[in-house]
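Working notes, structure below.
The values are calculated or read from the model by the stated rules, or taken from the named source; none is laboratory data. Note that this is a predicted model, so its numbers are computed, not measured. Virtual Cβ from ideal backbone geometry, glycine too; neighbours counted across all protein chains shown. In case anyone asks, the SASA skips ligands and DNA or RNA and just uses the protein heavy atoms, side chains included. Shrake-Rupley method; radii C 1.70, N 1.55, O 1.52, S 1.80 Å.
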Amino acid sequence: MGDECGPGGIQTRAVWCAHVEGWTTLHTNCKQAERPSNQQNCFKVCDWHKELYDWRLGPWNHCQPVISKSLEKPLECVKGEEGIQVREITCIQKEKDIPAEDIICEYFEPKPLLEQACLIPCQQDCIVSEFSAWSECSKTCGSGLQHRTRHVVAPPQFGGSGCPNLTEFQVCQSSPCEDEETMYSLHVGPWSSCSMPHSRQVRQARRRGKNKEREKDRGKGVKDPEARELIKKKRNRNRQNRQENKYWDIQIGYQTREVTCTNKTGKAADLSFCRQEKLPMTFQSCVITKECQVSEWSEWSPCSNTCRDVASPKGTRVRTRIIRQFPIGSEKECPELEEREPCASQGDTVVPCATYGWRTTEWTECRVDPLLSQQDKRRGNQTALCGGGVQMREVYCVQTNENLLSHLNTHKDREESKYQSTSKSSAAPFLSITFEITASKPVDLKSCTGPVPNTTQLCHIPCPIECEVSPWSAWGPCTYENCNDQQGKKGFKLRKRRITNEPTGGSGGTGNCPHLLEAIPCEEPSCYEWKAVRLGDCEPDNGKECGPGTQVQEVVCINSDGEEVDRQLCRDAIFPIPVACYAPCPKDCVLSMWSAWSSCSHTCSGKTTEGKQIRARSILAYAGDEGGVHCPNSSALQEVRSCNEHPCTVYHWQTGPWGQCIEDTSVSSFNTTTTWNGEASCSVGMQTRKVICVRVNVGQVGPKKCPESLRPETVRPCLLPCRKDCIVTPYSDWTSCPSSCKEGDSGVKKQARHRVIIQLPANGGRDCTDPLYEERACEAPQVCQSYRWKTHKWRRCQLVPWSVQQDSPGAQEGCGPGRQARAITCRKQDGGQAGIHECLWYAGPVPALTQACQIPCQDDCQFTSWSKFSSCNGDCGAVRTRKRAIVGKSKKKEKCKNSHLYPLIETQYCPCDKYNAQPVGNWSDCILPEGKVEVLLGMKAQGDIKECGQGYRYQAMACYDQNGRLVETSRCNSHGYIEEACIIPCPSDCKLSEWSNWSRCSKSCGSGVKVRSKWLREKPYNGGRPCPKLDHVNQVYEVVPCHSQCNQYVWVTEPWSICKVTFVNMRDNCGEGVQTRKVRCMQNTADGPSDHVEDYLCDPEEMPLGSRECKLPCPEDCVISEWGPWTRCTLPCNQSSFRQRSADPIRQPADEGRACPNAVEKEPCNLNKNCFHYDYNVTDWSTCQLSEKAVCGNGIKTRMLDCVRSDGKSVDLKYCEELGLEKNWQMNTSCMVECPINCQLSDWSPWSECSQTCGLTGKMIRRRTVTQPFQGDGRPCPALMEQSKPCPVKPCYQWQYGQWSLCQVQDAQCGEGTRTRNISCVVSDGSGDDFGKVVDEEFCTDIEPIIEGNKKMVLEETCTQPCPGDCYLKDWSSWSLCQITCVNGEDLGFGGIQVRSRAVIIQELENQHLCPEQMLETKSCDDGQCYEYKWMASAWKGSSRTVWCQRSDGINVTGGCLVVRQPDADRSCNPPCSQPHSYCSEMRTCSCEEGYTEVMSSNGTLEQCTLIPVVVIPTVEDKRGDVKTSRAVHPTPSSNNPTGRGRTWFLQPFGPAKSQRNPKEGKTTD
């Protein structure tokens, strides 16, 4: 109920009484006793319960077979049987570990699966190896036993059958025994556990009476105070030693064993039956076993995570305990002394953890030169490069919440100080947090995680767009420089051009245009003048029909730019006067109209040049003989006039480049920053430039010569970009000095700090002058404190108490074997005391605390200890010796002088040192000498990095002594390597020629293409830049559209000559003839056609006719003018529409003359003949065109607009423009040329540690990474990203156990004995093939004594020597290979298993009943393999062969192969084949040998083998009689007839046999 969480809630439900048919009735109709409850207690689950409750998953139980499927089992098990396994799942409260209702856990997570399918694998029977060879006979004489054993290869699993006997016996006989066989053996039992002798009080009570008197006497004797002081010091030292040895409670006790005499049946007998002089010892001193004792756990340490971290909220905390007492003689190690568990810091005081993030510096300037290829000529001059480039930046790591943490700490400090100094009321109030906006200091790069920001990027330097201008216009008329102010001003003729492409500064561009206006001073300027448009008809004077008259000119008023203006403006201009003309009368000479004036021959007039224009007219008809006006002479048919009479002195204003932007103090600064070319600008400045007046081809002249009002500006405002100061981060923290001491490292250590430039200075900002790197010497590190074990003197030798020794020899003397202990303490190297735990960590193994000792008895021989060996003089084959001497009474004993038993001198050969060096392993990669490459402005110039050239490769040298043992390489006077110079070839880029010149535009009118090419000069090699795509002749082309002006070259015609009459019609002045004219190709200019050029430059299709047929009218005939132009066809062209032209009568006919015709010509408008449609056409886009100074980046694609006539010919654009056709195409578009970025690599990492600490195969590796992948046609990344070189060869030293000795029972034949083994120091080369060669132990002194991963060395262990006749277990076999359960080579997931076994050995058959069981032991393993078992069979030998089971690794085994598939080992026939020439076939039936045929009985058995007769049938060539056989079957080629001419036929006998068998194949043939 309510909002509370947890238990105590109530759930309700409705309960009602219902009739069996379903309708509701009264409650009283139902039994009240059976009424269900309408409410129950419940647990209300809230979200925070998720932390308190969880599902507990029990383990899966055994796989049980599915009942329905287990009924029908297949004969042969393949994979196993399907089963089901179940587990328990409960909801628990985690803290109290008590069960809870499932509904609580189900609220957060569905209940996990309770059961799952599983597999019960096939039963696997025990598999054993083959038997070993038979052992030797157990007895050297008489009847004995010999045995052979086998071991278990795979244990029985999943209900498989158990292992067979691992031992087999057989009786063996040797020669009869001469002596009587010994029936009895001396048997020693195991030692008892170590026990303490009686307590000191009991022993002292016995001796107290005796000792009192002695002590009195002893005390009296020591009167000397110095002696007393010495005794006192000794006692103190002993007490201190005992105290220092508090970690080891060493107590020496004793242990006993039983010695019995047994007969060969194993029964005990009296000791007298075992005849032996010296019986084994039945007692010995021993050390009481003590278990390890540790203290209680300490308190938990604070959580390692002292701050709040979202990413990893858990830290760890630790608690420790210390060893109070170390174990003595115990197998158990001490328990763990440290325990860790995860924890999370709690509470409000926990500050957030420091967080780190990447920061980047400003990008450097954009640079193009790294993209240039090796051959690019622009590498020499990089100032004007533009387009795509590369820029770099540095990445560093900073603490991102540094300010927040420092604020929180400050806040905390201030809060604390507020409480401490409440009296100081004048303290400033605490202000809210303020962040100073500064760069954070760099920290170690390893602190930052996550992707590293990129350090290079593509950038773009805008290319300068050079100014492009139109051609000059024609010279204008003489006009005032300013028509609005004409007072006293000079006159100028002007010509102009306009800017067609605005310039931009860009990189290396001038941004300046050439002058756009040229002026020539002139006289009599005017601003407006009349311009004749058309000459009117010749009107004869006085209204006559013919004769002299005038022509009136049609005029318009134009301004100095040639534009038509209001006629009123020309009121002051001179109006053109009417022109005198002559309208021919009948029979008068008729002349044509004057042609238009030609273009002026010169643009100006000087001393040697004068501008002229010509016009001409021709004779159309001659005059009659009588009365007509005659034609003028030829000079009157041409007129010349002067033109462009102004002098050739052309002036123009010339501008210099704009100067630097200088701050203009007169203009107030901007209130806001504006942007100028994408950069913030902070103030207004002024720019000036020089403007001078220049006379063309002369130089600077006075400014008055140029039109003042058109002078360009010399000053303009500009925006000054903001100053940028150098900004650097604060210094990083000092790098740490070495915190741990280092032995033998005397070098001065330094620590450093650095900072990073994050903004470079620009526009006159403050330079970066402060150092970016500082270093200082570290304080001297503490001297390494090393520790050593100090061993104290051995205490007295403790014997077994005399009460235990009883009557044994030496018991009364107090001599014999015993045990003694000593104290050990931990010392610093300087002798100062240290805690025992320091030595456990740093001082190596603990020295022995006890040792066996001997108190010599009277009969024992006593010697001094062995001396050290004498030194070797270095000669090969020399010997060294060591000595000892007999001591005391032993000198007098003869047996002690026996040098065979007790040698006094020992010799050994000196080491004979001869060394030879051998190279091992492969050569390393070619490695360049290490050195820093100069890096310019943080930019690695591509292709200039030292990645190639001469390097060295290395091969390791190994040094061996004369016994083939690996030794330090220094013994061979080698530094460990053979060094060899090598070359890493430098990459060479693809080399192409320079671009050829552009070809001419493919079209003289309209849009065409022009082409240029490069060709291959050298292919790339060694990873140089690849070539662009080349054609079949190894060329690469660039094709761009081009446009030729259609009227660039024009045909110019002179007037037709007079018609030369070829057919004389009675008179010579009229009739049909031919007339000609000159047609020339001329270059068209703004001033009209000027220079004569080659005819091919003009369109040949457009070339006007140079000659034509003509008709010269007779004097009395009508003369009409030249045909006028054709009228235009109406569009669209249609044959139903016409065009026409007309001619006007010039001279009326005389009375008898031919009348004037109707001078109108008409023709239909035929498409593509005299009528054309026009349309715009757009070319394809060009390739992406870059500036000449760019390598890549932004370019422009262009296309051209053509006006195309309907016959496909390109014509002048004006034809389409006149029709007003739509043209909404974009002619230019931006495009990108991918930049050829060479692959950039990081520096090589430092060399790694050696992969092996010793041996021949160690390698050091260094790596580099791709910092910038290649792009476009850049140089690809090399494949070699990792280099290796061999490590110097070091010998591998290790401790190695020797073989166990045989079990030795001292002074007895059987029972419990000991076996021992040694450890030796061996050297190997680290390979698996080298098992090590023994060397002096001094080589292993620095190696921790660990063998087979175990620190505890076992050099002696108890063993049992069986008595003659005992039945005993053999030693354990070695562990089998790890085997896993598989089906068809697929692991079923049951894990691997290894097995070992012990076989039973019987020495006497009658003791079989006393034999132990054979033993089997298994353990799980990881690196298992699948093995398969299959039957193998030898070749048949007669009717038998050997069949065995083999494992897939080649081992022969028993078990493992399926019995149902076992091949036959015997194939004898039943009954046997006794008939001559018969044998038993593979089918186990009797067959006949080759050449014989079977004769079968009625019941199908062989009765006899009959020889088959042979008949030779001659062939056609033999010319013999044809022998025919009616029963021949199966012809076969004869074996003795190589030519194949004859054939042998077998004759099949008549009889009951239906078939014939081939004994070789065992197949039946019909």
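Observations on the structure shown:
- Filter result for Leu799 (of a type in the set (A, V, I, L, M), under 30 Å from Ser192 (Cβ atoms) and either surrounded by 13 or more Cβ atoms within 10 Å (Cβ to Cβ) or touching a Gly at 6+ places or on another chain (Cβ under 7 Å) (or both)): yes
- Subset of segment 1349-1364 (residues that are closer than 30 Å to Ala268 by Cα, open to solvent by 60 Å² or more (accessible area, probe 1.4 Å) and assigned to a loop (DSSP other than H, G, I, E, B)): Pro1364
- Consider segment 866-877 and keep the residues that are at pLDDT below 80 and at negative phi. The one that is most open to solvent (accessible area, probe 1.4 Å) is Asn873.
- Here segment 465-480 is the region considered, the condition is being buried (at least 19 other Cβ atoms within 10 Å of the Cβ) and not hydroxyl-bearing (Ser, Thr, Tyr), and the residue that is nearest to Val650 (Cα to Cα) is Trp475.
- Condition broken by Lys1290, with the remaining ones in (1) free of Cβ contacts under 8 Å to residues at least 40 places away in the same chain; (2) surrounded by 17 or more Cβ atoms within 10 Å (Cβ to Cβ) satisfied: (1)
- Here is the figure for segment 1469-1504: residues that are of a type in the set (S, T, N, Q) and touching a strand residue (DSSP E or B) at 6+ places or on another chain (Cβ under 6 Å) total 7.
- The residue that is farthest from the chain's Cα centre (by Cα), counting only those in segment 154-183 that are in a strand (DSSP E or B) and within 18 Å of Cys122 (Cα to Cα), is Gln157.
- Within segment 440-455, residues that are at positive phi sit with their Cβ atoms under 9 Å from residues that are open to solvent by less than 80 Å² (accessible area, probe 1.4 Å) and not in a loop (DSSP other than H, G, I, E, B), at 6+ positions apart or across chains, in these pairs: Gly450/Gly357; Gly450/Trp358.
- The condition of being surrounded by 14 or more Cβ atoms within 10 Å (Cβ to Cβ) and at pLDDT 85 or above holds for only one of Lys1189, Lys1169, Lys1197, that being Lys1197.
- Looking only at segment 284-305, residues that are within 53 Å of the chain's Cα centre (by Cα) and surrounded by 13 or more Cβ atoms within 10 Å (Cβ to Cβ) come to 8 in all.
- Qualifying residue in segment 1138-1160 (condition: part of a loop (DSSP other than H, G, I, E, B), polar (S, T, N, Q) and surrounded by fewer than 14 Cβ atoms within 10 Å (Cβ to Cβ)): yes
- Lys1003, sole failed condition from (1) free of Cβ contacts under 8 Å to residues at least 60 places away in the same chain; (2) open to solvent by 50 Å² or more (accessible area, probe 1.4 Å): (1)
- Hits in segment 522-572 (condition: buried (at least 17 other Cβ atoms within 10 Å of the Cβ) and among the hydroxyl-bearing types (Ser, Thr, Tyr)): Ser526, Tyr528, Ser560
- Of all residues making up segment 1099-1115, the number that are over 21 Å from Thr1062 (Cβ atoms) and either part of a loop (DSSP other than H, G, I, E, B) or hydroxyl-bearing (Ser, Thr, Tyr) (or both): 3
- For segment 98-110, a residue qualifies if it is part of a loop (DSSP other than H, G, I, E, B) and either without any contact (Cβ under 8 Å) to a residue 40 or more places away in the chain or under 23 Å from Lys79 (Cβ atoms) (or both), and exactly one does: Pro110.
- Number of the exception - Val629 against (1) surrounded by fewer than 16 Cβ atoms within 10 Å (Cβ to Cβ); (2) farther than 23 Å from Trp597 by Cβ: (1)
- Residue in segment 958-975 that is of a type in the set (A, V, I, L, M), open to solvent by 70 Å² or more (accessible area, probe 1.4 Å) and at pLDDT 80 or above present: no
- Where strands (runs of 3 or more DSSP E) sit wholly within segment 1-66, none has at least 3 residues that are modelled with pLDDT under 80 and open to solvent by 70 Å² or more (accessible area, probe 1.4 Å).
- Per the listing Glu518, Glu481, the residue uniquely in contact with a helix residue (DSSP H, G or I) (Cβ under 6 Å, 6 or more places away or on another chain) and among the acidic types (Asp, Glu) is Glu481.
- Residues located in segment 111-151, provided they are open to solvent by 80 Å² or more (accessible area, probe 1.4 Å), in a strand (DSSP E or B) and among the charged types (D, E, K, R): Glu115
- Selection count, segment 850-865, where residues are buried (at least 17 other Cβ atoms within 10 Å of the Cβ) and either more than 26 Å from Tyr902 (Cβ to Cβ) or in contact with a Ser or Thr (Cβ under 7 Å, 6 or more places away or on another chain) (or both): 2
- Test: residue in segment 1392-1403 that is open to solvent by less than 90 Å² (accessible area, probe 1.4 Å), within 20 Å of Lys267 (Cα to Cα) and not hydrophobic (A, V, I, L, M, F, W, C): yes
- Whichever residue in segment 802-840 is open to solvent by less than 30 Å² (accessible area, probe 1.4 Å), within 19 Å of Gly253 (Cα to Cα) and part of a strand (DSSP E or B) and, among such residues, is modelled with the lowest pLDDT: Gly816
- The residue that is surrounded by the most Cβ atoms within 10 Å (Cβ to Cβ), counting only those in segment 1294-1346 that are of a type in the set (Phe, Trp, Tyr) and part of a loop (DSSP other than H, G, I, E, B), is Trp1300.
- When every residue of segment 1480-1496 is checked against the conditions, at least one turns out to be closer than 18 Å to Ser1439 by Cβ, modelled with pLDDT under 80 and polar (S, T, N, Q).
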